[in-house]
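One structure is given here, and the rest of the page talks about it.
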Amino acid sequence: MNKKTFAELREQRMNAMEKLNDLYITADNEKRELTSEEKLQEAKYKREIEQAQIEMRQINLDADNSKTVASRKADMINANFRTLLQNVRQGKAEREITLAPPTDGATQNITASGAIMLTIHEIIPTLHEGLGLPAGLKIVTGVTGNEIWPVSVNDVEMEEVGEVEALSDQVLNFGNITPVSRRVGLTVPVSNRAIDNAAFDLMAFIQAKFTIAQREYLAKKIYSQANWSGNKGPYSGATPGTIELGTEAYKNILAAVAEFSNKGFFEGNVCLSMDRVTEAELMATPKIAGAAGGFVIENGKCCGLPYTVSHYVNTELNSAGKLVPTSDRYIEIGYYEWFALQQHDDVRLTIDATSQAVAKKNVTAITLNTAWSMTDLSTKINGANNVSQAFKVLKVVEAEPTTV
């Protein structure tokens, strides 16, 4: 016996209700009670109505259960897939999985069933080099209010005079240096659908990218010779000197560092910077030609001094204002305790998913706002006129050929 549909049961219930109503109307019009035969009909119609209602409720319940099972099944599949992806990334599961075949009756043979072999790899990251900061450089965070560094511009000299001769009046001059903080930030709108469907923590991934972006910003500013218009590193716009490497590299580097001693700087606080090619060259260059005295770079030191490696050393701004590699190689020498690198106020990471601007685009905007200042404190010491005394750029040049 075929089950009746919901529409058929509803029609059956309506017919029984109409017949029951006719019985009541007839008895009421004749101002009498129901007869024995009519009472039997009344009971019959009531049973039909109740039975139809029971079957209709069951149909609704079956439909709800079917939807719930399908929904739970879909949720379970999604959850299992996410768990699988997480296990794959953590090395707890194989990277190859088979997606379901197109039909239930398909053969168990993967190729014949039409199932798809899917190999999951790690996200290919962007590559970053030269983000390490120099030894001696201190980053001060959360700076508030105004700051001033008083500077003693000159010294006085002892005079040798006669017994009653007057001494010359000497003046001690002072200047000051004030940092200029500039707003620094970035914003990334991310599709809400991408956030909902990503098989990894997309928000944490983006925040990690923000951290890298900030490190790149500092490295570019500190190492590059680019003539920046905003915050400037200690080598920004500098006029390079020259240095020969080759067989005399050890002596020439130490001599270049020693020149700072004439200005009162101590060699123990210096840090050198260079690119990877120059580092490799100095790792293979003996300190003294023909002698077993070691190499210019060994044990993590260059000529016994700390150094950093960054390709940003060999960069400049082109006519379009883009940072590009130079055609030359350079070595930088710096006393970084004389460079004030400060982050001002708070670092604000804002996640906006509700404002009208982002709601219209169905995105979540992730925004970082802060402020940085970069100040060379050596530009006024020793009578200098806004010329860095603690930092120097040297262009690597070929050694002059020797003649006999």
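Read the figures in this text as sums done on the coordinates, not as results from a lab. Since we're looking at a predicted model, the values are computed, not measured. Note: ideal-geometry Cβ built from the backbone for every residue, glycine included; neighbour counts use all protein chains shown.
Taking the Cα centroid of the stretch 245-270 and of the stretch 135-172, what is the distance between the two, rounded to the nearest whole Å?
26 Å
Roughly how many Å is it from the Cα centre of the stretch 322-345 to that of the stretch 282-299, as a whole number?
If you average the Cα positions of each part, the centres end up 27 Å apart.
³J(HN,Hα) across the stretch 393-399 via Karplus (A = 6.51, B = -1.76, C = 1.60, θ = phi - 60°), whole Hz, x for Gly/Pro?
10, 10, 7, 6, 10, 6, 5
Rank 161, 231, 206 by how far each Cα sits towards the positive end of the charge dipole of the stretch 144-246 (+1 on Lys, Arg Cβ; -1 on Asp, Glu Cβ) and give me just the farthest.
About the Cα centre, the residue reaching furthest to the positive side is 206.
Count neighbours as other Cβ atoms within 10 Å of each site's Cβ, and list the GluC sites (Glu not before Pro) in the stretch 145-252 that are DSSP loop with at most 15 such neighbours.
Within the stretch 145-252, the qualifying GluC sites (Glu not before Pro) (loop, at most 15 other Cβ atoms within 10 Å) are 157, 159, 160, 163, 165.
Which residues' amide hydrogens lie under 5 Å from the amide hydrogen of residue 244, considering only partners 5 or more residues apart or on another chain, with H built in the peptide plane?
For residue 244, the qualifying residues are 397.
Tell me which residues come under 5 Å, amide H to amide H, from residue 363 once H is placed; ignore anything under 5 positions away on its chain.
Hits under the 5 Å cutoff: 192.
Can you find, among 334, 310, 282, the residue sitting farthest towards the positive end of the charge dipole of the stretch 277-354, where Lys and Arg contribute +1 and Asp and Glu -1 at Cβ?
282
Which of the lysines could be linked to residue 220 by a straight reach, that is with a Cα gap under 30 Å, when you skip same-chain ones fewer than 8 residues away?
Cross-link targets: 138, 209, 232, 251, 263, 301, 322, 380, 392, 395.
Taking amide H atoms as placed 1.01 Å from N in the peptide plane, list the residues 5 or more away in sequence, or in a different chain, whose amide H sits under 5 Å from that of residue 298.
Excluding prolines and chain starts, which carry no amide H, the hits are 303, 304.
What list of ³J(HN,Hα) couplings, whole Hz, do you get for the stretch 347-358 from phi and the Karplus terms 6.51, -1.76, 1.60, once you set θ to phi - 60° and write x for glycine and proline?
3J(HN,Hα) across the stretch 347-358, in whole Hz: 9, 9, 9, 10, 10, 10, 10, 10, 5, 4, 4, 8.
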